[in-house]
Amino acid sequence: MSLVEHLEELRTRLMWVIASVALAAIGGWIVFDWVVEVLRRPALPYLQDGPAGGNLIFTGPLEAFTTRLKVAVYIGFAISFPIVLYHFWRFIAPGLHRNEKRYAVPFVLSGMILFTLGVGFAFYTLPQAMQFLIGPAISGEFIRPLLTAKQYLDFALLYLAAFGIAFEFPLVLMFLTLTRVVSSRRLGQYRRHVFVGISVVVAFVTPSVDWYTMVVLTVVMYAMYEGSIWLSRLLRR
């Protein structure tokens, strides 16, 4: 394929991805209340004494609409994530050998499982992150939080998305290993460099600047890196 053909293919895949996210966002708009109720639970200890009786608040006439729209888009992305992975694979498939193209189904399934595990892990650690960020240890005795829907949901959704995408790290490494771009031996030689690189990337992608979130995500990603080395050696054998 020429450069123009690659660009046309990229445009086609992006259009399919955008359309799938937009259609899935309609479902996200419908289940908005249920999703917010689930996301609200980690913040309940800091909402019970608020003026809204345990609910998140909004402070502008358009804030409720824009918040619901943003949450719907996030949900749409999560629902359509298998389609996103499929079109990503279709974009890179012309550059693969015939025996490498057979990994399409494992690639999509693994991506779905890893993304789900990342979001689940993030939701499990979200209460600890909230406790560290706005708990008494940080805010002190005379400062109390008043959480708005926009600020809290932006933080929570970015937190979940960051972990979900970060958990795709082993999939990228396995793809590079199977296509012989890198080897398990080379991956093992650059452990220290990778650890520093992971730490820098995590510092930029995490939605908060607390050390708790960055340490947890760094440790998890490096553990997945070591697991990818072991798995790539097993697959090569």
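Values quoted throughout were computed directly from the atomic coordinates according to the rules given, and no laboratory measurement underlies them. Given the structure is predicted, the values throughout are model-derived calculations rather than measurements. Here Cβ is always computed from backbone atoms with ideal geometry, including for glycine, and neighbour counts include all displayed protein chains.
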Looking only at Cα atoms, what is the convex hull volume of the stretch 21-129 per residue, in Å³? 127
Summing -39500 (n - 2.57) over the DSSP H runs of n ≥ 4 in the chain and dividing by its residue number, what mean residue ellipticity at 222 nm do you reach, to the nearest 500 deg cm²/dmol? -24500 deg cm²/dmol
Distance (nanometres) between label positions extended 7 Å along Cα→Cβ at Ile165 and Arg144: 3.7
For q = 0.32 Å⁻¹, what log10 I(q)/I(0) does the stretch 54-99 give under the Debye formula with an equal point scatterer on each alpha carbon and no solvent? -1.06
Quick check: net charge around Glu63, other residues with Cβ under 12 Å of its Cβ, Lys/Arg +1 and Asp/Glu -1? +2
What is the Rg over Rh value, at two decimals, for the stretch 94-237, using alpha-carbon atoms and the Kirkwood definition of Rh? 1.08
Between 0 and 90°, nearest 10: helix 104-134 axis offset from the chain longest Cα axis: 30
Using mean Cβ contacts within 10 Å as the protection proxy, how do 87-94, 108-115, 149-156 order, highest first? 149-156, 108-115, 87-94
Separation between the Gln128 and Trp211 pseudo-spin-labels, each 7 Å from Cα along Cα→Cβ, expressed in nm? 1.5
For the chain, the longest principal axis of the Cα atoms and the Cα long axis of helix 81-92 enclose an angle in degrees, to the nearest 10, of 30
